[in-house]
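Enquirer: A single structure is presented below for examination.
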Amino acid sequence: MIFFLFRYFAPRDSILPAEGYAVLAVYQSEDDRFIREILEFGGIYDVISESSQVVFIDDFNTLRAVQLDNFHNEIAYFDPRDTGYAAKLKNFFVHDGKRFFFIPLESVTGNRAVNLYNKLETLLYGIPFSLAHWRQEPPFFLYFALLVIGGAFTFFFSQSRRLFFYQLPVLLAIGWGGFSTAILATFLCGIWELLREPLRELSTSGRYERNALDYAGTGLTGLVERLRPFRVNIFLALFFLVFILFFFIISTFPLVPVIAACVIFFFLNFISFQIEKERLRKARHIPFTPVLLFPVRTRTFSFFPFLLPFAAVSLFAISLPRFFPEFSPQQEPSALVNPYYFVTADDHYRHIAFQRAFPYRSLNHPLTQGGGSPLYRDSFLLYYLGDDGLIAGSISPVRPFLEDPPFPLEKLMEFLINYDSLPAAQAVGNYMNIVEWISVLIIFTTFIMDMIRPRVLPKKKIPVLRDKRIAA
């Protein structure tokens, strides 16, 4: 189950910026309006495509909007009002055998890359499509291999291999999460090591089929008394757990597979102790387990060398892209759309200017026939009269109008031209890189401090007369 959860929610393209566009491409033969209706039905609005655009043409000294996908059904190819702008605009949305839709990322919440891809898989079932945006797919199989290596060496260094064996499937199943799962695996192993002795303490009396709280009292007070020597363990385990949730929240990784992995990890930990208890019961051999009667600073967990394999895997995974950029999950991809087909604001306003001046242009000039009319051709002048009733001067009819429709693709074109830099997106990526390095630093700091920590250091000297420990 964990494997499929991580496979379904895996960040195929990691983090997407809060603003910008994802480019959906389907075969050119697909119906544009039908695709847009499907997307709107699924809650994806404001999609920019051929059927969402209009082209303005002169209509008796006013501008009339004509749907781009229906342009030549209303405007003949030989119509002198056809400046060629409609064809250029159409080629932007339909070229190279593909039809393109531009989806604004503001309408996608959570982990945008994952949620959008999963939603499109459902909505466009049976329709082949591709989704492109600013980040490429990270090498998941590389992380799988690293997790296998880390899990094998961690199992070798474990002080209780029989119990740790049950955790290996979870550690390997989370590999679809990319680099972040190396961090998750490290902290899960740390939590397992921290809880190993406290859980063993709680299960000790159960092996003898006695009340688990008999020597320390009953109820919550007895439980607290039994766990008193393991206060540091429990505190660090809670710290690791909180850090896991914090790390994945700020990384926008879906918490569903992370929480499921943690729950099943703890459940398997409980099951492992139950299986061990049953094994010992059937063997009729119950090993002696000492009871910690006094709160002493005892070495009840060991991070080194237990966490060293996954710590090394995390450090290797985060450092690899610096030496081999092809392994980076943050590579700058090729252009989302071929720049040859870009439409500029200048194209739009020149077309509008031509339509405004069209009533004042000559239709007899050979360059203005058959469509594709030149936009730089001078129009007839407008003459105005003076106070004496005679012609006082002239003006050009081609002048800016306050009511001129704005260029509708300005924001999209700016994104496509500058998307490879994406300051906001790069800031997110840089921020996450800092968090990843902090995570690795915490891991290494934890087991380095554990290396230099003394094994046994009593809090205070206990008088011999009051020493209730059994001498053996």
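Enquirer: Applying a 10 Å radius around every beta-carbon, put 56-63, 223-230 in order of their mean neighbour count, most first.
Expert: 223-230, 56-63
Enquirer: Taking other Cβ within 10 Å of each residue's Cβ, how do 99, 196, 231 sort, fewest first? Spell out each step's value before the answer.
Expert: Working: 99 20, 196 23, 231 13.
Ranking 99, 196, 231 by Cβ neighbours within 10 Å, fewest first, gives 231, 99, 196.
Enquirer: Sort 192, 437 by Cβ crowding within 10 Å, fewest neighbours at the top.
Expert: 437, 192
Enquirer: What nm value, rounded to one decimal, do you get for the distance between residue 61 and residue 437 when each label is placed 7 Å out toward the C-beta?
Expert: Calculated label separation equals 6.8 nm.
Enquirer: At 7 Å along Cα-to-Cβ for each site, give me the label-to-label distance between residue 304 and residue 88 in nm.
Expert: In this crude spin-label approximation the distance works out to 6.7 nm.
Enquirer: I've got another one for you. Grab the beta carbon distance between residue 277 and residue 27, set R0 = 56 Å, and tell me the FRET efficiency rounded to 0.05. Before the final figure, lay out the partial values.
Expert: Details: r = 60 Å, r/R0 = 1.08.
Calculated transfer efficiency: 0.40.
Enquirer: Which order do the peptides 27-33, 148-154 take when ranked by the mean count of other beta-carbon atoms within 10 Å per residue, highest first? Don't skip to the answer; put the middle values down first.
Expert: Numbers: 27-33: 13.4, 148-154: 19.0.
Listed from highest to lowest mean packing, they are 148-154, 27-33.
Enquirer: Here's a follow-up. By counting other Cβ atoms within 10 Å of each Cβ, how are 82, 387, 346 ranked from fewest to most? The partial results should precede the final answer.
Expert: Numbers: 82 21, 387 6, 346 10.
Fewest to most other Cβ atoms nearby, the residues stand as 387, 346, 82.
Enquirer: Once you have the Cα-Cα distance between residue 448 and residue 242, take 0.36 nm times their residue separation minus that, and quote the gain in nm to one decimal.
Expert: Details: separation 206, 0.36 × 206 = 74.16 nm, distance 2.10 nm.
Separation in residues times 0.36 nm, less the Cα-Cα distance, equals 72.1 nm.
Enquirer: With the crude spin-label approximation of a point 7 Å out along Cα→Cβ, what separation in nm comes out for residue 34 versus residue 270?
Expert: My value for the distance between the label points is 5.2 nm.
Bear in mind that the values in this text are calculations on the coordinates, not laboratory data. Bear in mind the structure is a predicted one, so any value in this text is a computation, not a measurement. Cβ atoms come from the backbone with ideal geometry, glycine included; neighbour counts cover every protein chain shown.
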